[in-house]
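Asker: This is the structure I want to talk about, given as structure tokens.
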Amino acid sequence: MNIYVLVKQVPATDKVKIDESTGTMKREEVEAVINPLDLYAIETSLQIKEMYEGKTSITAISMGPPKAEEVLKEAISMGCDRGILLSDRAFAGADTWATSYTIGKLIKRLEPFSLIITGERATDGETGQVGPSLAGQLDLPIVTYTSRILEINDSYAILERETEEGTETLKMKLPGVISVTKAIGEPRLPTLKGKIKARNTKIEIFDLEKLGVTNEEVGLLGSLTRVVKVFYPKISRTGRRIKVKDPEEAVSYIIEFLQERGIL
Amino acid sequence: MSREVVILGEVRKGKIHSVTYELLAWGKDLSDKLKTRLSALILGYNLGDLEEVIYYGADKVYYLEHPRLDNFNPEVYAEVLVPFIKEIAPDIILAGATTTGRTIMPYLAGKLKAGLTADCTSLDIEEETGLLLQTRPAIGGNVLATIKTPSSKPQMATVRPKGKKPLERDTNRTGEIKIIKPSIDLNSRIERINFKPREEEVSLVDAEVVISGGKGLKDPRNISLLFDISKLIDSSAVGASRAIVDMGWIEYPHQVGLSGKTVNPKVYIAFGISGAVQHLAGMMNSESIIAINKDPEAPIFQVADLGIVGDALEILSTLKRKLEERKNNV
Ligand SMILES: Cc1cc2nc3c(=O)[nH]c(=O)nc-3n(C[C@H](O)[C@H](O)[C@H](O)COP(=O)(O)OP(=O)(O)OC[C@H]3O[C@@H](n4cnc5c(N)ncnc54)[C@H](O)[C@@H]3O)c2cc1C
Ligand SMILES: Nc1ncnc2c1ncn2[C@@H]1O[C@H](COP(=O)(O)O)[C@@H](O)[C@H]1O
């Protein structure tokens, strides 16, 4: 079974520092990491490899600058077999439609597959749109917010999905797309063997020409949305901090606060 | 060509869900500015209440009815919606940033080749062009971006639930309800074989009050206090920091933050949570925040409207007692 896992490199938001005087983010200090939620997508593919009876090949795919090769190496060190990077200046500035389009073009050129797995959302764009948009463009079925894989074989997968109302059990014919949540299970750590493999595995690069698309189809030009303004919200809280003499006093503040807002 | 603003309503447990009414309030602002009609698209089976959609602001309701639309399936929804959207060619389509909206909207946008902006917190119309201006937070709420869809139609956006209050319900409002019975040929590749409803009354993302706990609660046995208090406050739910989810004190669906849920209730109450950026990312946009922490330097206080320096456990048990007393007095 062939599985494609989509992983993105993002700024390390846990390292983001806020300049307290302006309430803005200090961008220059940010390093790039693998999207934390994509670790769960990788974990899912490795769980499937363990469950599935036959042979499984897992390919991690990323689109980004050459540096994004790092996240593919990380995927291989965790147990993925192969890494492909879509990288070209022309891909820059892609919105979710153009990102899905470019990744879709690549997938159509690769070997047939059973499953495409994405993270729930990327922590930079935070849209969670790439998986469903890709499924729409490739006319594949999709299950989002997947929390468990119950069964998988060559023709279908049985999955659990979490919604506001509860947990659905769904049977999806393959090939298909899933996006997974953290509930899938803690991602495993890279192994020493994996790290050595990552070091020795060459990441395959697809640029505009190799992908066989034109400038206009991808990146900023191929995008349907445009960012027209970026601004930094000021943290506008009162920051009222009260030292209380006893819990009773604290509770009276809380109750008053809730009453003022019509809760109690 | 007549322009149209369309909202995609949501049906849960066979009833029109309140997100639908919030969406009408969002849509009304836009349709007023564009001087166009505001329509609601409702997919379901055997629904009553369609008048309600008019009372809350719709000029027209398209009710697409079929047994197979009884619960959400992205493939079946798309089979019905893609041709329908092409036919009515609306200017704008809005949906809630719920598990349904966040799935069907990008799936449709992929098929329609339409631009889509996720999780907007504010929407406006650009005067000169009549284009939709979509503002949304990114990078854990550290940045706001305004986004336009200049050349493709429809302009699609999802908006955060609870981001706006529904309009005043007005039973004098009139409008048209158009019932459409689509034929569904598709043998969906996705089939629902079981469903287990959530046990809690209110889901975390829908709650008006979130009562959250962190490592400051000291012992897994204290978590029940959060649930006890939640039972005493209407429309509330229990949240948690990752630290206590990782330690197994509470289940993952309760986790708030970067790798958990994003919530924006009227009041978020954090008991013994330090306020790491990853936690803040999931709750910073709450309407108001109360923080209780014994460390006066805890970063959570930077985002709090009411910060109480004190012992979370003592305050929790006292709060529980007071709320019980209040309940017994009425
Ligand atoms: C990639 C990544 C993603 C993450 N995602 C999330 C996420 O989604 N959600 C999340 O929450 N975290 C997330 N984290 C973890 C986050 O960095 C913090 O570790 C976590 O939020 C800390 O939880 P806490 O506040 O409960 O614990 P602590 O940081 O240990 O804080 C406990 C607090 O309780 C206070 N306290 C102690 N005793 C008492 C008492 N008796 N009364 C009152 N106060 C008391 C202490 O002063 C302290 O401030 C993520 C981390 C990473 C690296
Ligand atoms: N540039 C990219 N390269 C590879 N995968 C991506 C990229 N952007 C998004 N994805 C995948 O799509 C998911 C959702 O991303 P997003 O829609 O940006 O929130 C991520 O968790 C990834 O699995």
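The values are calculated or read from the model by the stated rules, or taken from the named source; none is laboratory data. Quantities reported herein were computed from a predicted structural model and do not represent experimental measurements. Ideal geometry is used to build each Cβ from the backbone, glycine not excepted, and the neighbour counts take in all protein chains shown. Keep in mind that these areas ignore ligands, DNA and RNA; they rest on the heavy atoms of the full protein, side chains included. Shrake-Rupley method; radii C 1.70, N 1.55, O 1.52, S 1.80 Å.
Asker: Give me the accessible area of residue A:196, 1.4 Å probe, in Å² rounded to the nearest 10.
Answerer: Using a 1.4 Å probe on the heavy atoms, I get roughly 80 Å².
Asker: For the pair A and B, how large is the buried accessible area, both sides, in square angstrom to the nearest 100, if the probe is 1.4 Å?
Answerer: Working: alone 15690 and 16940 Å², together 24690 Å².
When A and B are taken together, about 7900 Å² of accessible area is lost.
Asker: Apply the Karplus parameterisation 6.51 cos²θ - 1.76 cosθ + 1.60, with θ equal to phi minus 60°, to every residue of the stretch A:46-52 and state each ³J(HN,Hα) to the nearest whole Hz, in sequence, with x for glycine and proline.
Answerer: In residue order, the calculated couplings are 6, 4, 5, 4, 6, 7, 6 Hz.
Asker: Would you mind telling me the antiparallel percentage of the DSSP bridges in the protein assembly as shown, rounded to 5?
Answerer: 35 percent
Asker: Separate question: If you restrict to DSSP beta bridges whose two residues both lie in chain A, what percentage is antiparallel, to the nearest 5?
Answerer: Here the share of antiparallel DSSP bridges comes out near 45 percent.
Asker: List every residue whose amide H lies under 5 Å from the amide H of residue A:166, counting only residues 5 or more places away in sequence or on a different chain, with H placed 1.01 Å from N in the peptide plane.
Answerer: B:198
Asker: Okay, moving on. Which ³J(HN,Hα) values in Hz, rounded to whole numbers, follow from the phi angles of the stretch B:175-180 under the Karplus curve 6.51 cos²θ - 1.76 cosθ + 1.60, where θ = phi - 60° and Gly and Pro get x?
Answerer: So the J values, rounded to whole Hz, are x, 9, 10, 10, 9, 10.
Asker: Continuing with the same structure: Need one number: nm distance between label points at residue A:192 and residue A:241, each 7 Å from Cα along Cα→Cβ, rounded to one decimal.
Answerer: 4.7 nm
Asker: Given a 1.4 angstrom probe, I'd like the percentage of the accessible area of the protein assembly as shown that is carbon and sulfur, rounded to a whole number.
Answerer: On the protein assembly as shown, the fraction of accessible area on carbon and sulfur atoms equals 49 percent.
Asker: Oh, and also: In percent, what relative contact order does chain A have, based on Cα pairs under 8 Å that are 6 or more apart in sequence?
Answerer: On the way: 503 pairs, mean separation 62.5, N = 264.
Dividing the mean separation by the residue count of chain A yields 24 percent.
Asker: Assign unit charges at the C-beta atoms only (+1 for Lys and Arg, -1 for Asp and Glu), then state the dipole size of the stretch B:136-275 relative to its Cα centre in Debye, rounded to the nearest 20.
Answerer: Charge dipole, the stretch B:136-275, about its Cα centre: 560 debye, nearest 20.
Asker: Follow-up. Looking at chain B only, what percent of DSSP beta bridges run antiparallel? Nearest 5 please. It would help to have the intermediate numbers written out before the result.
Answerer: Numbers: 11 of 59 bridges.
Taking every DSSP beta bridge within chain B, about 20 percent pair in antiparallel fashion.
Asker: For residue A:252 paired with residue B:168, estimate the spin-label separation in nm (one decimal), with each label point 7 Å from Cα along the Cα-to-Cβ line.
Answerer: Inter-label distance under the simple model: 3.7 nm.
Asker: Explain nothing, just the number: relative contact order of chain B, from Cα pairs under 8 Å at least 6 residues apart, as a whole percent.
Answerer: Answer for chain B is 14 percent.
Asker: Could I ask something else about it? So who's got an amide H within less than 5 Å of the one on residue A:148, skipping anything under 5 residues away but keeping other chains? H placed 1.01 Å off N, in plane.
Answerer: The answer is A:160.
Asker: Determine ³J(HN,Hα), in whole Hz, for all residues of the stretch B:181-187 in sequence, where each value follows from phi through the Karplus function 6.51 cos²θ - 1.76 cosθ + 1.60 and θ = phi - 60°; x replaces Gly and Pro.
Answerer: Those phi angles translate into 10, x, 8, 10, 8, 5, 8 Hz.
Asker: Can you list the equivalent-ellipsoid semi-axes of the stretch B:204-329, largest first and in whole Å, using the square root of 5 times each Cα gyration tensor eigenvalue?
Answerer: That gives 20, 16, 15 Å for the three semi-axes.
Asker: Name the long-range amide H neighbours of residue A:57: under 5 Å, sequence gap of 5 or more, or other chain; modelled H, no Pro or chain starts.
Answerer: Under 5 Å from the amide H of residue A:57 lie the amide H atoms of A:2, A:3, each far enough along the sequence or on another chain.
Asker: Output the 0 to 90 degree angle, nearest 10, between the alpha-carbon long axis of helix B:101-112 and the longest principal axis computed from the alpha carbons of chain B.
Answerer: 30 degrees
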